[in-house]
1. Lys156 label point, 7 Å along Cα→Cβ, cut-off 15 Å on backbone N: hits in the range 164-182?
2. Grab the other residues whose beta carbon is less than 9 angstrom from that of Asn253, score K and R as +1, D and E as -1, and report the net.
3. Mind ordering 182-191, 167-176 by average Cβ neighbours within 10 Å, highest first?
4. Quick one: if you stick a label point 7 Å off each Cα along the C-beta vector at Ala126 and Glu70, how many nm between them?
5. Take every Cα pair under 8 Å in the range 100-201 that's 6+ residues apart, average their separations, divide by the length, and report that relative contact order as a whole percent.
6. What shape does the chain take by its C-alpha gyration tensor, where a ≥ b ≥ c are the square roots of the eigenvalues and a/c under 1.5 counts as rounded, a/b above b/c as prolate, and the rest as oblate?
7. For the ranges 138-151, 37-50, 71-84, 258-271, what's the packing order if you count other beta-carbon atoms within 10 Å of each residue, average per peptide, and put the highest first?
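FYI, it's all coordinate maths here, none of it is from the lab. These numbers were taken from a predicted model, which means no experiment stands behind them. For neighbour counting, all protein chains shown are included, and Cβ atoms are generated from backbone atoms with ideal geometry for every residue, glycine included.
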Amino acid sequence: MRRSLLLAVLALCVLLSTLVAAQAPLYTFTTINAPNAIDTEATGINTRGQIVGYYSEDTETQPAHGFPYENGVFTILRAPGTFNTFALGINDRSQIVGYYQDLDGVANGFLYANGVFTTLDVPGAAFTIAQGINNKGQIVGYYGDGNGEHGFLYDKGRITTIDAPGALLTFAYGINNNSQIVGTYIDQAHQIFLYDAGVFTTIESPNVVEFLDLRALGINDRSQIVGTYIGQSSARQAFLYDAGVFTALEVPNAVASQAYAINDRGQIAGFYADSSGTFRGFVATPTKK
């Protein structure tokens, strides 16, 4: 589903690069491709530089596999008795969260720790997606029920729903070790938020472009935020938000890109689509000045 949505945007749009409000930080970009994969998407990175994500060998007939990636080595991560497994977040204790689809296609959140999968489902939900985890073991994500989609925080066995005031839909995507949560809510448009100690703060986007889609996906302990947006007549574009400034991340050879996570060293994990429509993971490492 993620592939088809992005490819549809690619077919209609061209890349926008007007979101630069200051001189862009310099990065060294490293492409990540799982062996024999037609698509690879990097979605999480911890301070140790361990990366998680998922890849597909054939999107039509073969399941998607989650993976941790470290020192050039991919390890397949697949929940037992399931079809697709998507690893989305990792903390410094190498605990991984994400979701899997069972044989009926239902999405169930999971925590993977010490070689064991634990299902994480919001009671009464039609589906649950676990997106991010911090070093305290706090997990954020979103779930769907008869009233739409809602963010959630899982903390020491307790699940708390996160709904932005007045929003139709709320999605919690990332959490740092200060328990600050970022995500997206939808009212009349896509808005991104910081949720801290029970208080929602909408992060205002620049006036240079009217966003059709804006998502805050990851946050580190320095409160640097990464995500993605779609502007009018544009492809999906990765961004960094730091100290009130939005900066577009220009990934080499990308016609569309998405920044998914940022660690405390400022390394960014994400993925991009090249001119053939193939998805490739990337890590952007700040260049020392």
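1. In the range 164-182, the label zone of Lys156 (backbone N under 15 Å from the point 7 Å along Cα→Cβ) covers 179.
2. Summing Lys/Arg as +1 and Asp/Glu as -1 gives 0.
3. Result, highest mean first: 167-176, 182-191.
4. Those two pseudo-labels are separated by 3.8 nm.
5. 16 percent
6. Judged from the Cα gyration tensor, the chain comes out rounded (a/c under 1.5).
7. My ranking of the peptides, most packed first, is 258-271, 37-50, 138-151, 71-84.
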